[in-house]
Amino acid sequence: MIDGLIGGKLYGKAAQRTGQNGHPFVTAKVRATGGDGDGDAIFVNVIAFSETASQALLALEDGDSVSISGSLTPKVWTDRNGETRPALDMVATLVMTAYQVKHKRATTRGNASPTPDTNLDDSDAPL
């Protein structure tokens with residue numbers, strides 16, 4: 001496996017499931033583009049076992065921007081036209097969203113933590 005960091009947009013909604021051992025986990029798909037952003041899309045199949053990573057994925061909506069850190073495994077899949085395409089499987093250890101970045105910046109600058117009732121407008125609401 002490869003340790004990696006990917007950034008992209010959530011493709012569909014994350015789903016919570018329960019394993020045979022009774023432990024919950026979350027699966028999601030992220031659409032990332034390679035290189036300068038003009039390249040072909042690469043789909044990253046994400047699975048999260050930690051509670052913090054799982055909750056962050058479940059809070060996202062389809063199309064939300066996200067960065068995920070974890071172990072990557074390269075894969076290949078075949079599309080409807082019979083062409084092989086690259087894909088990645090990732091076991092997420094850390095999920096970073098735009099809301100978390102804004103919250104972290106406010107915290108490190110000594111500003112009070114924003115609360116939903118006072119400091120946030122609709123564009124700043126947690127994902």
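Some observations on this one:
- Accessible area (Å², per residue) of the range 8-81, counting only protein heavy atoms and a probe of 1.4 Å: 61
- Here the range 1-83 is treated as a sphere whose radius is the Kirkwood value from Cα pairs; by Stokes-Einstein at 25 °C and 0.890 mPa s it diffuses with a coefficient of 178 µm²/s.
- Taking trypsin sites (Lys or Arg not before Pro) across the range 9-104, the ones in a DSSP loop with at most 16 further Cβ atoms lying within 10 angstrom of their Cβ are Lys13, Arg80.
The values are calculated or read from the model by the stated rules, or taken from the named source; none is laboratory data. In this text, all values refer to a predicted model and were calculated from it rather than measured experimentally. Neighbour counts run over all protein chains shown; Cβ positions are idealised from the backbone, glycine included. Side chains are part of the model used for accessible areas, which takes the heavy atoms of the whole protein and leaves out ligands, DNA and RNA. Shrake-Rupley method; radii C 1.70, N 1.55, O 1.52, S 1.80 Å.
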